[in-house]
Amino acid sequence: MQYSKIVGIGHHVPERVVTNDELSTMMDTNNEWIIERTGIEERRWIDPAKDTVANMAAKASRMAFERAGVTAEDIDFIVFATITSDYYFPGSGVLLQRELGLESIPAMDIKNACSGFIYALSTADQFIRTGMYKNVLVIGAEIQSTALDLTTRGRGTAVIFGDGAGAAVLQPSDELGILSTHLHSDGRFAEELYVKDPGSSRPHEERQPEQILDTSGFKVYMNGNLVFKHAVVRFMEVINEALTANNMSKEDIDLLIPHQANLRISNYIQQKMQLGDDKVYNNIMRYGNTTAGSIPIAMSEAFDEGKIKPGDTVCMAAFGSGFTWASALLKW
Ligand code: UT7
């Protein structure tokens, strides 16, 4: 049986570190609240003069290429997960293709927020298993800082989100690789975590820039409490779904990489599953929630730190806007 395998993983985060104390100069918040409620100590924000979603993704890709022992020219398909593409359209996949100096290979964009990287991984996995592509570049990258409401009104979301990119190279393998992926959504909750504008369903006259007096629709809205309650349930469900599908139990997991939404969510899952500290990887303290970027950035750092070794069973799980949620189980 043909599997697909992650043969290289990389990441890139912007240079600018934004501490909780710096945020407290912009809005009514404080370091203690942010750490207690989210676990976040600092996050990275882009420099709009030089950083884009696509060029951060290119830097993450080059790290992944080096680790995979491939060059950009080997890549035959790009699957790019982001909800913050550089342009309204086209998506950032083609911009990354251009940045890497590639021509004519397909580039697909996936807009499934925090679950985006797992959706993208699952898509790449299907194309590799059917034999259509042999070197697929899977990206999760996000610039959230430019859509945050940095006033006290927006403090419930502004303190959480950050910028960054992760990349994985997938190749076919006769050995075990990605064992299974599990994807879900429930659109009834679409407006509980969303950015409304520039939405195409707005009447034409309201879409004229001079008519847009209320710009709040361009900022992230999140019903934090509700999202939290659904997240803890769906994370557990979708992790168990992956384990059941592979006749495995929680003891088989060498490393769980949860989407970095809130340290309290990761800790809840860890406690429910009774996993040791060495079995769950978190880096939300340093980067906040980077949406589609969070899992591949965490995976790349875990790999750097020697926390993922050949043969390890790695589980990833995510929950976010849509609502969407997903998991993947793989042998490294
Ligand atoms: O990645 C996509 C999925 N996203 C998630 O999974 C996020 C899920 N939700 C959360 O992580 C949490 O709901 C938040 C971190 C967003 C909020 O934490 P919370 O414990 O649910 O706080 P809350 O919204 O219930 O607010 C508690 C209090 C409120 O004040 P009152 O009404 O009790 O006086 C808020 O106004 O904290 C206040 N508050 C803040 N205070 C200082 C809200 N944000 C802040 C802030 N600084 N940044």
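The values are calculated or read from the model by the stated rules, or taken from the named source; none is laboratory data. Just so we're clear, the structure is a prediction, and the values are computed from it rather than from any experiment. Backbone-built Cβ (ideal geometry, glycine too); neighbour counts: all protein chains shown.
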Just one listed residue, out of ILE105, ILE78, ILE139, ILE118, is out of contact with any His (no Cβ under 8 Å at 6 or more places or on another chain), surrounded by fewer than 23 Cβ atoms within 10 Å (Cβ to Cβ) and either assigned to a loop (DSSP other than H, G, I, E, B) or in contact (Cβ under 8 Å) with a residue 60 or more places away in the chain (or both), and it is ILE105
Subset of the stretch 250-268 [within 17 Å of PHE117 (Cβ to Cβ) and among the polar types (S, T, N, Q)]: GLN260, SER266
Considering only residues of the stretch 33-51 that are within 9 Å of the ligand (Cβ to nearest atom) and over 20 Å from the mean Cα position of the chain (by Cα), which is surrounded by the most Cβ atoms within 10 Å (Cβ to Cβ)? ILE34
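One line per residue, one yes/no per condition, for (1) without any contact (Cβ under 8 Å) to a residue 40 or more places away in the chain; (2) more than 25 Å from ALA158 (Cα to Cα):
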site: ASN246; (1), (2): no, yes
site: VAL280; (1), (2): yes, yes
site: TYR287; (1), (2): no, no
site: LYS307; (1), (2): no, yes
site: VAL314; (1), (2): no, yes
site: GLY322; (1), (2): no, no
Within the group ASP163, ASP197, which residue is more than 26 Å from LEU330 (Cβ to Cβ), among the acidic types (Asp, Glu) and at pLDDT 95 or above? ASP163
Please work out if GLU175 is within 16 Å of the ligand (Cβ to nearest atom), among the acidic types (Asp, Glu) and in contact (Cβ under 8 Å) with a residue 60 or more places away in the chain. no
Out of curiosity, is ALA245 crowded, with 23+ Cβ neighbours inside 10 Å, modelled with pLDDT of 95 or more, under 18 Å from TRP325 (Cα atoms) and out of contact with any helix residue (DSSP H, G or I) (no Cβ under 7 Å at 6 or more places or on another chain)? no
Just to be sure before I move on: is TYR287 under 26 Å from ALA147 (Cα atoms), within 16 Å of the ligand (Cβ to nearest atom) and hydroxyl-bearing (Ser, Thr, Tyr) in the structure I sent? yes
Among THR151, THR84, which is β-branched (Val, Ile, Thr), surrounded by 21 or more Cβ atoms within 10 Å (Cβ to Cβ) and within 16 Å of the ligand (Cβ to nearest atom)? THR84
